[in-house]
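Here the structure comes first, spelled out in structure tokens, and everything after it is commentary.
The values are calculated or read from the model by the stated rules, or taken from the named source; none is laboratory data. The structure displayed is predicted, hence computed values, not measured ones. Cβ placement follows ideal geometry from the backbone for every residue including glycine, while neighbour counts extend to all protein chains displayed. Accessible surface is based on the protein model in full, side chains and every heavy atom, while ligands, DNA and RNA are left aside. Shrake-Rupley method; radii C 1.70, N 1.55, O 1.52, S 1.80 Å.
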Amino acid sequence: MIDTAHVIKVGVEMKVITCASYYGTGSSAITDYVSEFDGVYSMTTEEFRFLQDPDGIDDLEFHLVENHNRHNAGHAIKRYKRLVDFYNGNVLGRKYAPFFHGRWKEISYRYIQDLTDFTFKGWWMYDLYDRGKIYYFRKKILNKLLHMTVWRNNPERTLNTMKRELTYCAAPTLDRFTSLTKNYIEELLLEASSGAETVLVDQIVPPTNISRYTRYFDDIKVVVVDRDPRDLYLLEKLVWKDGVIPHEDVETFVKWFKYTREHRKTEVFDPETTLFVRFEDLIYDYENETARLKNFLGLSEENHVRPQQGFNPAKSRANTRKWLECPELSKDIDYIERRLPEYIYR
């Protein structure tokens, strides 16, 4: 039986709105725009990536359900627990804890407990690996010294330096994993929003393989945002310079851009849950594009009480068509236009 005693129930079905992007593509325009509506609880000053990140929920499902292994399953739970601790934040960095009224770890640890069938005191090689090379090789050296001396007549014995280590054992069915995960996410968002009917949360699903993640929600709307690669290249090269996007040579940038969008040639998007938006359309075709957005998200015009106070297309226009300001990089722009014609905004 799934324990739902701790799940907050408010008698309404929650709608989740989220955006997904490829880094720097302007998804904040969506969150800014939706935040202009009454009745929407916004959690958009932080990216909530715990479903999609390495060691996150997606990895848990793979190791606990799809490819169960007695060692890997337990280790995946430990890795998620470590990710939970990281995302909780500390005095040096504000992360998730304030959004969930200090209950992020409590709710997440209960989810881990619900997934776990039983535990025992034990370890395996990756528990040593996670402690680092020094810890691992110290154990190996001590083990060899003991076999050369007091254990020389007992070659099978192994030094146990992790007597307090806990091993998790979990093998839920897909239905159980999905139900527990849905309840977990629901409790988190209800806690954060104090029971709001519509919650706006940033980047809770990625722009790729979206249907894998929407299974964890009863009602979710995903807006995928992309922008002209010419602007993306120039903004990274001249303004952001943070190294997330390759920008030192235009050839590598083009390879990266194709690499990150290749999935769109084969992935089928569910029109009920996913909408694709061009950042430039939000600016240059504001009325039509926002009407399309409102219809998809089910937002009421009468609740649009702060128009253009979050997203102002006139201000955002300054971040478009940057190549007109950079004639010295015309060769790079020509290269992008030739190699990425299907992504150019005209």
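Some notes on this structure:
- Condition check for Glu342 on (1) acidic (Asp, Glu); (2) open to solvent by 70 Å² or more (accessible area, probe 1.4 Å); (3) touching a residue at least 12 places away in the same chain (Cβ under 8 Å): one failure, at (3).
- Any chance Ile77 is closer than 18 Å to Phe177 by Cα, without any contact (Cβ under 8 Å) to a residue 60 or more places away in the chain and not basic (Lys, Arg): no
- Selection over segment 152-168 of residues that are open to solvent by less than 70 Å² (accessible area, probe 1.4 Å) and at pLDDT 85 or above gives a count of 4.
- Members of segment 55-85 that are among the aromatic types (Phe, Trp, Tyr) and either surrounded by fewer than 17 Cβ atoms within 10 Å (Cβ to Cβ) or in contact with a strand residue (DSSP E or B) (Cβ under 7 Å, 6 or more places away or on another chain) (or both): Phe62
- Filter pass, Arg321 being of a type in the set (Lys, Arg), more than 24 Å from Glu13 (Cα to Cα) and either without any contact (Cβ under 8 Å) to a residue 12 or more places away in the chain or surrounded by 15 or more Cβ atoms within 10 Å (Cβ to Cβ) (or both): yes
- Taken together, Thr260, Thr273, Thr290 contain a single residue that is in contact with a Leu (Cβ under 9 Å, 6 or more places away or on another chain) and either of a type in the set (Ser, Thr, Tyr) or free of Cβ contacts under 8 Å to residues at least 12 places away in the same chain (or both), which is Thr290.
- Qualifying residue in segment 185-192 (condition: at pLDDT 95 or above, closer than 23 Å to Gly310 by Cα and buried (at least 19 other Cβ atoms within 10 Å of the Cβ)): yes
- So Ala29, is it outside any helix (DSSP H, G or I), under 20 Å from the mean Cα position of the chain (by Cα), under 30 Å from Lys258 (Cα atoms) and among the aliphatic types (A, V, I, L, M): no
- In segment 116-151, the residue that is most open to solvent (accessible area, probe 1.4 Å) out of those that are assigned to a helix (DSSP H, G or I) and basic (Lys, Arg) is Lys133.
- Subset of segment 266-283 (residues that are over 30 Å from Arg317 (Cβ atoms) and among the charged types (D, E, K, R)): Glu267, Asp270, Glu272
- Annotation note: of Ser330, Ser316, the sole residue that is more than 28 Å from the chain's Cα centre (by Cα), open to solvent by less than 60 Å² (accessible area, probe 1.4 Å) and polar (S, T, N, Q) is Ser330.
- Among residues of segment 294-339, those that are touching a helix residue (DSSP H, G or I) at 6+ places or on another chain (Cβ under 8 Å), under 29 Å from Ser42 (Cβ atoms) and part of a helix (DSSP H, G or I), counted: 8
- Selection within segment 28-54 - open to solvent by 40 Å² or more (accessible area, probe 1.4 Å) and of a type in the set (A, V, I, L, M, F, W, C): none
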